[in-house]
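Following: one structure in structure tokens, then a few remarks.
The values are calculated or read from the model by the stated rules, or taken from the named source; none is laboratory data. These figures come from a predicted structure and were not determined experimentally. Quick reminder, even Gly has a Cβ in these numbers, built from the backbone with ideal geometry, and neighbours come from all protein chains shown. For accessibility, only protein heavy atoms count, side chains too; no ligands or nucleic acids. Shrake-Rupley method; radii C 1.70, N 1.55, O 1.52, S 1.80 Å.
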Amino acid sequence: QKCVDTAARTREHWDNHIRDVATKSLNRLLLPASELFSRMHANEVYQALSMGQKEGAFCWEAVMSTAPTGQPPLSDASEQIATLNAQTHFSQGQRQDLALSLFLARARTLGGSFFLDEPVAHLDDLNRVAMMDIFRMLTASEPGMNLVLTTASNGLRRHLRQKFSSESCKDNLRIITLEGNPLRGVTASYS
């Protein structure tokens with residue numbers, strides 16, 4: 001019994017240690033990821049991201065401000081806070097936004113080059129525009145970070161050109177277009 005009790009305490013101590021290390025590591029991402037996620041969802045009432053636990057596993061949650069039924073949203077006296085589990089309450093596009101927010105928040109802390117393959121594929125038009133604004137904001141505010149986006153969408157390429165057309169950020173966008181196929185050859189043009 002003494003060995004079983006010692007093993008149980010050791011296991012509990014180890015679980016607490018792992019939870020503390022993971023919490024400290026992930027908490028560094030919460031503020032920058034929350035900022036990006038709330039920018040992606042300007043039409044929503046998400047205030048921040050948080051980390052919860054469900055059945056002993058970490059899970060991402062969105063913190064929402066709510067107002068009582070029939071009241072105007074977000075009056076200071078009646079504001080309430082609710083959290084939504086991202087896995088069970090988010091659509092595929094919202095989960096993609098969450099993943100992109102966390103990825104870009106981590107990229108901001110590390111610097112360097114980061115590849116995103118079809119980063120706006122499952123987003124609706126409003127959130128796609130918001131994401132383009134975030135890409136522009138990040139390239140302008142994070143000189144040590146490079147984003148490399150791949151897409152087969154000519155519309156996305158045109159939209160990126162339009163978003164990066166201002167004098168202040170036009171040098172932050174380079175487009176490489178690949179045409180052809182592996183059998184006949186592929187050519188690259190740069191603009």
Residue that is farthest from the chain's Cα centre (by Cα) [pool: residues in the range 148-165 that are surrounded by 15 or more Cβ atoms within 10 Å (Cβ to Cβ) and in a loop (DSSP other than H, G, I, E, B)]: F164
Failed condition for R128, given (1) basic (K, R); (2) at pLDDT below 85; (3) not in a helix (DSSP H, G or I): (3)
Residue ID - nearest to P119 (Cα to Cα), chosen from residues in the range 166-190 that are among the hydroxyl-bearing types (S, T, Y) and open to solvent by 70 Å² or more (accessible area, probe 1.4 Å): Y190
The range 139-185: number of residues that are of a type in the set (G, A, S) and farther than 27 Å from G111 by Cβ: 5
Unique residue being at pLDDT below 85, under 17 Å from the mean Cα position of the chain (by Cα) and either not in a loop (DSSP other than H, G, I, E, B) or not hydroxyl-bearing (S, T, Y) (or both) when the list is Q87, Q96: Q96
Test set (1) within 21 Å of T83 (Cβ to Cβ); (2) out of contact with any Ser or Thr (no Cβ under 6 Å at 6 or more places or on another chain) - Y46 fails condition number: (2)
Whichever residue in the range 10-57 is more than 15 Å from M131 (Cα to Cα) and small (G, A, S) and, among such residues, is surrounded by the most Cβ atoms within 10 Å (Cβ to Cβ): A48
Count - residues of the range 7-58 that are farther than 20 Å from L104 by Cβ and of a type outside the set (D, E): 21
Number of the exception - L178 against (1) within 30 Å of M51 (Cβ to Cβ); (2) assigned to a strand (DSSP E or B): (1)
Scan of the range 103-147 for residues that are over 19 Å from R161 (Cα atoms), in contact (Cβ under 8 Å) with a residue 60 or more places away in the chain and surrounded by 13 or more Cβ atoms within 10 Å (Cβ to Cβ), ordered by number: L104, A105, R106, R108
